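Beneath this line is the structure, given in structure tokens, with notes to follow.
What follows draws every value from the coordinates through simple rules; no lab data is involved. Since the model is a prediction, treat every value here as computed from it, not as a measurement. So basically every Cβ, Gly included, is an ideal-geometry build from the backbone, and we count neighbours across all protein chains shown.
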Amino acid sequence: MQTKWLKWEVIAVVVAAIVMIGLLLIKPIVGLADNGDFERIMIQIGLAYPDPNEARVDKYFSFIHHLYAYVNPAAGDYVSSQLFLMVPALWIGKILPGPWFDIRVLAVEYIMIFLLALYLIVKLNKTNNKIVNGFLVTLTIVVFADIGYILYFNSMYGEAVTYVFLFLTIALGIQLARQKHPSIWLVILFYISAIMLACSKTQYTPAGFIAALLTIRLWFIRKDKVWRSVIVSMTALLLILSFICYKSSPAWIDKINIYQTVFYGVLKDSPNPEQDLRDLGVDPELAVNAGTHFWSNAAIPQEDPRLHKELYNKIKFPDIAKFYLTHPQRFWSKLEATAEYAWTIRPSVDGVAFLGNYEKKDNPVPATQVETFSLWSHVKEQYHPNGFIWIVLLYVLYGLGILLEYRRAKTHSERLIPDIFTAVAIIGMISYVVPFVGSGEGDFAKHLFLFTVCLDVMLVSGIWWLAKGRLQ
């Protein structure tokens, strides 16, 4: 007989914890090397690399660092909900013995949030069939505890925040739907989780606006004034903070992204770069930079006054969106180009991962990748279908399942669950388009992170749905 504690949600948490602790917290420590993004948050909280004289080739891309020096924090212009996890981790790190900050403290925070979400998801969705439950729990852990995803936990990339709070938002949303009388505190936690998700990175702020649409359903779940006052207040907070996060993108980042999206996006592989620039309202003589990115050698240097006058001060992201809407063939070509990276979990270029996973002392070969618990990563990379049309087909099938759930649902609480998974699909598609509209084709695999996660959520949730409906 099954004991009280030996439940599927407990089994899932224990197994996932063993996997993540074994991979991330026990030496040799693995993680994801810095591509240059870490320091924009490190300077704000007071961290620095332990060796100020370390060679650039070792500091970036090639190797990870799990120890960081404490320094005085400095003013910064990077706004992210990641700070709400970094600061407590820093406090804990200073309490622990030793003069260094250990990145594993941050990883423990991510692991705890992920395990909480996993516990709720399994508890709220398990079936009455032991074999089915065993299969579904195994599938969920194999996919979402894949090393390609959890490597972010031992890093300072905002994607780790995105990852754990996407799952927590889904889990809390399902919990709201399953409670007969949802609590005020639970809905507040749901909105806080959605805020953490939306504000984890500027490019993910659309998730906040999509999550806010769930307010329509939540409004009708309870009719008392306190509930509806909280719903309105928290929705307003979600929208305001998402907007602030979007608008707070530093000017230097916007400049880089504008260059990338024009020269390494619109003009990359363009049959007529000069005409494209005319259509954008930009001097066609700048077409000599077509196909270059912000850090490459270009005929017109990236800081040339002509670029400031004709490009950085003139072009905005709505102009890029308008260009693609008025050039449907070009839009489709970018959708196809994006599809090449849509199934890749690890940051890579032409199928080769370029961010190292080991410290130099543990593996001196630059950009070496850890292969433990990477079954799902390899399956996706080796056996995925080619072309955007397959993604469209997946969305169509997923949409049909959602429609069936809407037909079965009789109450607003029951309809909240398909609402949540519809939101996941919409967030995924927006995250598919935002990279090439917002930053061209540079670092495609990493910029498609949220889409990749949403795609896996759609696949796994679809299998859970089929199993619950057909196999129990």
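To make sure I understand, if each residue's beta carbon is the centre and we count other beta carbons within 10 Å, what order do R346, R415, R278 fall in, fewest to most? Before the final figure, lay out the partial values.
On the way: R346 23, R415 18, R278 13.
So the ranking, lowest neighbour count to highest, is R278, R415, R346.
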Between H378 and A337, the FRET efficiency computed from the C-beta separation at R0 = 25 Å comes out, to the nearest 0.05, as 0.65
Give me the Debye-computed log₁₀ of I(q)/I(0) at q = 0.21, 0.22, 0.24 Å⁻¹ for the range 317-404, equal point scatterers on Cα only, no solvent, two decimals. -1.06, -1.09, -1.16
Rg and Dmax [Cα atoms of the range 335-472; Å; Rg one decimal, Dmax integer]: 17.7, 60
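Cα convex hull of the range 150-235: how many Å³ per residue?
Working: hull volume 7.2 nm³, N = 86.
For the range 150-235, the hull spanned by Cα atoms encloses 84 Å³ per residue.
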Please report how far the C-alpha centroid of the range 347-409 lies from that of the range 85-124, rounded to the nearest whole angstrom. 25 Å
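Place a +1 charge on the Cβ of each Lys and Arg in the chain and a -1 charge on the Cβ of each Asp and Glu, then give the dipole magnitude about the Cα centre in debye, rounded to the nearest 20. Please list the in-between numbers first.
Details: 41 positive and 37 negative charges, 510 e Å.
Magnitude of the dipole: close to 2440 debye.
Sort K309, K223 by Cβ crowding within 10 Å, fewest neighbours at the top.
So the residues, fewest neighbours to most, are K223, K309.
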Taking a 31 Å limit on the Cα-Cα distance, which of the listed pairs K201/K380; K27/K468; K126/K380; K59/K314; K130/K410; K94/K247 fall beyond it? K27/K468; K59/K314; K94/K247
Rounded to one decimal in nm, the spacing of the 7 Å Cα→Cβ label points at N35 and W91 is 3.2 nm
If you take Rg and Dmax of the Cα atoms in Å from the coordinates, which of (1) 33.0, 124; (2) 22.8, 77; (3) 34.7, 111 do you get? (2)
Ascending count of other beta-carbon atoms within 10 Å, so fewest first, for K59, K225, K446: K225, K59, K446
May I ask you to list, by number, the DSSP H helices of the chain whose Cα span along the axis is at least 30 Å and whose average Kyte-Doolittle hydropathy reaches 0.0 or more? 104-125, 225-247, 388-408, 412-439, 449-470
Once each part is reduced to its C-alpha centroid, what is the distance from the range 189-266 to the range 413-460 in angstrom? 14 Å
Which cysteines does the chain leave without a neighbouring Cys Cβ under 4.7 Å? C454
